[in-house]
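**Q** So that we are looking at the same thing, I have put the structure below in structure tokens.
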Amino acid sequence: MNKKSLKILVSVLLVFSLVFQMSSGSQAKAAVKLNMTKVTLTLNNTVDLYLENTSSKPKWSSSKKSVATVDSSGEVTAKGPGTAKITAKVGKKQYVCKINVPKQYLSSKTVTLNAGESKNLRMYGVSKTDDIFWCSDNEDIATISSSGKITAVRNGKTTVYAILNAGLGETYSCDVIVQGGQEATPSPVPPASASPSPSPSVSPSPTPTPNLNPEDYYNGNRIVQKTKAGFYHTDIVDVGKYFSSDIETYVIKNESSNRGIAYVDKVVNNRLVMVRTGGYIGTAYITLTCNTERVVLRYNVEHKQIDITGIYVDTPGITVKAGDKIKIHIDTMMDNAFKSATFYLKSYELNVPARVSVTDFVKDPKMPYSYVAELTISKDMPAGMWGLDWCMVYDDKGYVEMVNANGTVNEFADTFFFFVR
């Protein structure tokens, strides 16, 4: 073999070697791994874990169920402060995610203030996504703002509460003692007067029977609150003022005439009643019983057509990554003021759902009857094509429009997609 033929043979072998290496590399499978290996999760919240790059179904377990539990689908729920390891086992392989649940507590359990003074309470062990509802047992003694600022009004003692995630989380309390101010002025008692001389008795006029408005009663029980609301609305009612009985002694029982319209989801400290509305239109009566007393809350659930004609997104490029912000536009044929929207997104590569809430929609100055807000791409969204599955859009009055890929209750034009890398 001459030198020229030898060079050609060597070149051909090198080409085949490179092609074989490239082919072998392209056929190498991506490593199986958990979508997250370290998570900080606040009390009673959840996170979904799953294995990437495999169709095998793992067996899930928790090293400390008092801290975090996991179900058969990989949903982890925070139960108590501490750390736990969540393990996904496939055959002899194990994949671990470390869960950290911070200690949750209120900055003070007792506060003493002079009338007119203020003090801020702080809730520890919560995240930015946790919702805190602040309220006071007696606002004549002390009030508390939506940010946890207590303001003393007059002498007395009351209790303020921090209720997490509309009652789905924990409830924390702080006793407030107010001193140094004016106490409630008692009604003056008239002085005793000399007994008047007896006078001839006169037959008293008959007391007229009051005309009761049937609209104010349900099954003979007084309706103490009438509320109009939209779908999936949460209302927190302090019912202590409606009963003369000692509500600390008796358990408040409740019954709804139609749970699909409105029902009591939780009673906190036997005083704060959390009412949720469902997905049906109509009127529901919630009867509350304390000892032998009964009162009724009436909820009229209405649907106001929002007329969504399009939903679409603006992205910073062809693809996005965790931390990027995309703009979500909602077009309507009405001049509504949107409050928020909850989007249910779907991955077209993996069976991985994502639920995101977008708040603070504002009018788009470039488009009439269009509203815009920003969504931050989360790090737990795997790479691939994502799109809208369905969503609920809330206006400023709490009414809801439900949107899905097949259309809405009235009319729907567009959907949106974006690619995560």
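**Q** Take segment 130-144 and flag every residue that is part of a loop (DSSP other than H, G, I, E, B) and open to solvent by 30 Å² or more (accessible area, probe 1.4 Å). If you could, list the steps in order and put the result at the bottom.
**A** Taking segment 130-144 and keeping what is part of a loop (DSSP other than H, G, I, E, B), we get 130-131, 137-141.
Result: D131, D137, N138, E139, D140.
**Q** When the residues of segment 262-286 are narrowed to those that are touching a residue at least 60 places away in the same chain (Cβ under 8 Å) and open to solvent by less than 20 Å² (accessible area, probe 1.4 Å), which ends up farthest from I252 (Cα to Cα)?
**A** It comes out as M274.
**Q** Does S378 satisfy the condition of being among the hydroxyl-bearing types (S, T, Y), open to solvent by 10 Å² or more (accessible area, probe 1.4 Å) and modelled with pLDDT of 80 or more?
**A** yes
**Q** Another question, if that's okay. Kindly provide the set of residues from segment 203-233 that are more than 27 Å from F133 (Cβ to Cβ), at pLDDT 85 or above and either open to solvent by 90 Å² or more (accessible area, probe 1.4 Å) or aromatic (F, W, Y) (or both), ordered by number.
**A** Y217, Y218, N219
**Q** On to the next question. Out of all the residues in segment 64-95, which are surrounded by 15 or more Cβ atoms within 10 Å (Cβ to Cβ), over 25 Å from the mean Cα position of the chain (by Cα) and in contact (Cβ under 8 Å) with a residue 40 or more places away in the chain?
**A** A88, Y95
**Q** List pairs: first residue in segment 337-349 and over 17 Å from F417 (Cβ atoms) and open to solvent by 20 Å² or more (accessible area, probe 1.4 Å), second residue modelled with pLDDT under 80 and not in a strand (DSSP E or B) anywhere in the structure, Cβ distance under 6 angstrom, at least six positions apart or on different chains.
**A** As it stands, the answer is A337/D396; K339/D396, since those pairs meet every condition given.
**Q** Right, here's the next one. Basic (K, R) and buried (at least 19 other Cβ atoms within 10 Å of the Cβ): is that true of R294 in this structure?
**A** Here the answer is no, as R294 does not meet what is asked.
**Q** Give the residues of segment 283-319 that are aromatic (F, W, Y) and over 26 Å from W386 (Cβ atoms), sorted by residue number.
**A** Once the filter is applied, which keeps residues that are aromatic (F, W, Y) and over 26 Å from W386 (Cβ atoms), segment 283-319 yields Y285, Y299.
**Q** So which residues in segment 350-375 are open to solvent by 90 Å² or more (accessible area, probe 1.4 Å) and of a type in the set (D, E)?
**A** D360, E374, listed by residue number.
**Q** May I pose another question? Would you be able to tell me the number of residues in segment 100-121 that are over 23 Å from the mean Cα position of the chain (by Cα) and within 30 Å of I86 (Cβ to Cβ)?
**A** Qualifying residue count for the region: 0.
**Q** In segment 117-129, which residue that is hydroxyl-bearing (S, T, Y) and modelled with pLDDT of 90 or more is least open to solvent (accessible area, probe 1.4 Å)?
**A** Here the residue is S118.
Each row is one residue, and each column tells you yes or no for (1) open to solvent by 40 Å² or more (accessible area, probe 1.4 Å); (2) closer than 30 Å to T359 by Cα; (3) out of contact with any helix residue (DSSP H, G or I) (no Cβ under 9 Å at 6 or more places or on another chain); (4) not in a loop (DSSP other than H, G, I, E, B).
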| residue | (1), (2), (3), (4) |
| --- | --- |
| S61 | yes, no, yes, yes |
| S108 | no, no, yes, no |
| L113 | no, no, yes, yes |
| S146 | yes, yes, yes, no |
| T151 | yes, yes, yes, yes |
| G169 | no, yes, yes, no |
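**Q** Something else now. Among the numbered criteria (1) closer than 13 Å to V47 by Cβ; (2) touching a residue at least 24 places away in the same chain (Cβ under 8 Å); (3) out of contact with any Cys (no Cβ under 6 Å at 6 or more places or on another chain), which one does Q104 miss?
**A** Result: Q104 fails condition (1) only.
**Q** Among the listed residues K7, K29, K33, identify the single one that is open to solvent by 50 Å² or more (accessible area, probe 1.4 Å), basic (K, R) and modelled with pLDDT of 90 or more. Let's see the steps before the verdict.
**A** Numbers: K7 fails: modelled with pLDDT of 90 or more; K29 fails: modelled with pLDDT of 90 or more.
The unique qualifying residue is K33.
**Q** A further question on this structure: For R298, indicate whether it is of a type in the set (K, R) and within 25 Å of D137 (Cβ to Cβ).
**A** yes
**Q** On to the next question. Go over the candidates I236, I286 one by one and state the one that is more than 30 Å from E374 (Cβ to Cβ), touching a strand residue (DSSP E or B) at 6+ places or on another chain (Cβ under 8 Å) and at pLDDT 85 or above. Even if it seems obvious, please write down each step before you answer.
**A** Working: I236 fails: more than 30 Å from E374 (Cβ to Cβ).
Checking each option against the conditions leaves just I286.
**Q** Another one. Across segment 43-59, what is the number of residues that are under 28 Å from the mean Cα position of the chain (by Cα), in a loop (DSSP other than H, G, I, E, B) and of a type in the set (S, T, Y)?
**A** Of the residues in segment 43-59, 1 are under 28 Å from the mean Cα position of the chain (by Cα), in a loop (DSSP other than H, G, I, E, B) and of a type in the set (S, T, Y).
The values are calculated or read from the model by the stated rules, or taken from the named source; none is laboratory data. Quick caveat: nothing in here was measured; it's all calculated off a predicted structure. Neighbour counts are summed over all protein chains in view; Cβ atoms, including those assigned to glycine, are modelled from backbone coordinates with ideal geometry. The accessibility values were calculated without ligands, DNA or RNA, using every heavy atom of the protein model including side chains. Shrake-Rupley method; radii C 1.70, N 1.55, O 1.52, S 1.80 Å.
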